[in-house]
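A short reminder: the numbers here are calculations on the coordinates, not readings from a lab. Bear in mind that the values here come from a model prediction, so they are computed numbers and not experimental data. FYI the Cβ positions are ideal-geometry reconstructions off the backbone, even for glycines, and counts take in every protein chain you see.
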Amino acid sequence: MDKIRIGVVGVGALGQHHARVYSTLPDATLVGVVDTRPGRAEEIAGPLATQSYTDYRQLFGKVDAVSIATPTMLHAEIGEQFLNQGVSVLVEKPISHTLADADRLIRAAQTNRCVLQIGHLERFNPAIQAVRQIVKRPLFFEAHRMGLFSPRSLDIDVILDLMIHDLDIISLLVPAPPVHVEAVGIAILTRRIDIANARIQFADGCVANVTASRVSTEKIRKLRFFQAREYISVDYARQDVAIFRLDGSPSGDLQIVRQSITPPHREPLDAELGAFLDAARGRSPVACTGAEGRKTLELALQILERAEKAQAQALNAVTDAKDA
């Protein structure tokens, strides 16, 4: 293939950027964008000099690969159909809202020998790529992902919407499986959990404390972790890393030495979509496989289950106190 014919299904807050980036990549031809909302596809397609559609099936036979950035509950239904058409699929995170649907996508990709990549964007953040070169055996993680309230992604809770980014990165850096999960969560502005905290213990003894909120007054995207003699802080937004290391001086005294890593800035989405095209061409392995997306989803669903249980118990306790 000289160029990969690409389409984007769902051009909302995130999908519009998929379309924008594809239109700039030399290995891709943006064939069209799809959205069911009246006028939305045309609005995005016009400036990018591509076609607009209101039904994703209109792309069948016209594309070699597709990005799916629809509401999560539609990922499996739409993705499976494209895979059955022999089309490579990048599906935005999370892979789906259930493990059964995740398995549908994985099975379809295997059956049709197509690429299935999951859009865990932070893997392509230059700061995370730098950290992957220096991580050894992490012992403790502290993650905070806070954002202002937005009407997007309200079909899922904050765990599947925001926290899952950090769950994916922590799972990437910790080779051991999770063995114990505790979580709390509260619905503030929606009927779903808007702020949550989870404590995850892994089989190798590593512990992660993860907080996510979509009702914050400021935007924070930070990950901190400790390993032997080192404390490492990652700022996703600034795309930089600070390392604090315990070193011995010539006199034998111990001192803290600070090192900063500021890799060349790059838009993570540009790197992610470039990697997807390379995988679709067979040039490189899939950067985030369906199995990896399923693994992260499984952990997120465990956290969600425990958070919902804790919230129900708290509400019952309040009701009992009033009745008393």
Would you mind computing, in nm to one decimal, how far apart the modelled labels at Gln129 and Leu99 are, each placed 7 Å from Cα along Cα→Cβ? 3.3
Taking amide H positions as placed 1.01 Å from N in the peptide plane, with prolines and chain starts having none, which residues 5 or more places from Leu139, or on another chain, fall under 5 Å of its amide H? Phe226, Gln227
Diffing region 50-63: the Karplus 3J(HN,Hα) column from phi (6.51, -1.76, 1.60, θ = phi - 60°), in whole Hz with x for Gly and Pro, holds 10, 8, 10, 9, 10, 9, 4, 5, 5, 8, 4, x, 10, 10
The chain: calculated mean residue ellipticity at 222 nm from DSSP helix runs of at least 4, using -39500 (n - 2.57): -10500 deg cm²/dmol
Full-extension gain between Arg199 and Arg283, please, as 0.36 nm times their residue separation minus the C-alpha to C-alpha distance. 26.4 nm
Between Val207 and Arg37, how high is the FRET efficiency from 1/(1 + (r/R0)^6) when r is the Cβ-Cβ distance and R₀ = 41 Å? Nearest 0.05. 0.40
Simple spin-label model, 7 Å along Cα-to-Cβ: Ala49 to Glu298 in nm? 4.7
If the chain between Ile256 and Arg224 were fully extended at 0.36 nm per residue, the gain over the current Cα-Cα distance would be 9.9 nm
Under 23 Å Cα to Cα from Lys309, which lysines show up? Leave out anything in the same chain fewer than 8 places away. Lys295, Lys322
Determine, from the Cβ-Cβ distance of Thr190 and His265 and an R0 of 35 Å, the FRET efficiency 1/(1 + (r/R0)^6), rounded to the nearest 0.05. 0.55
Cβ-derived FRET efficiency at R0 35 Å, Tyr231 paired with Gln313, nearest 0.05: 0.50
Taking the Cα centre of the chain as origin, work out the dipole magnitude from +1 charges on Lys and Arg Cβ and -1 charges on Asp and Glu Cβ, in debye rounded to 20. 380
What is the fewest-to-most order of Arg229, Arg113 by other Cβ atoms lying within 10 Å of their Cβ? Arg113, Arg229
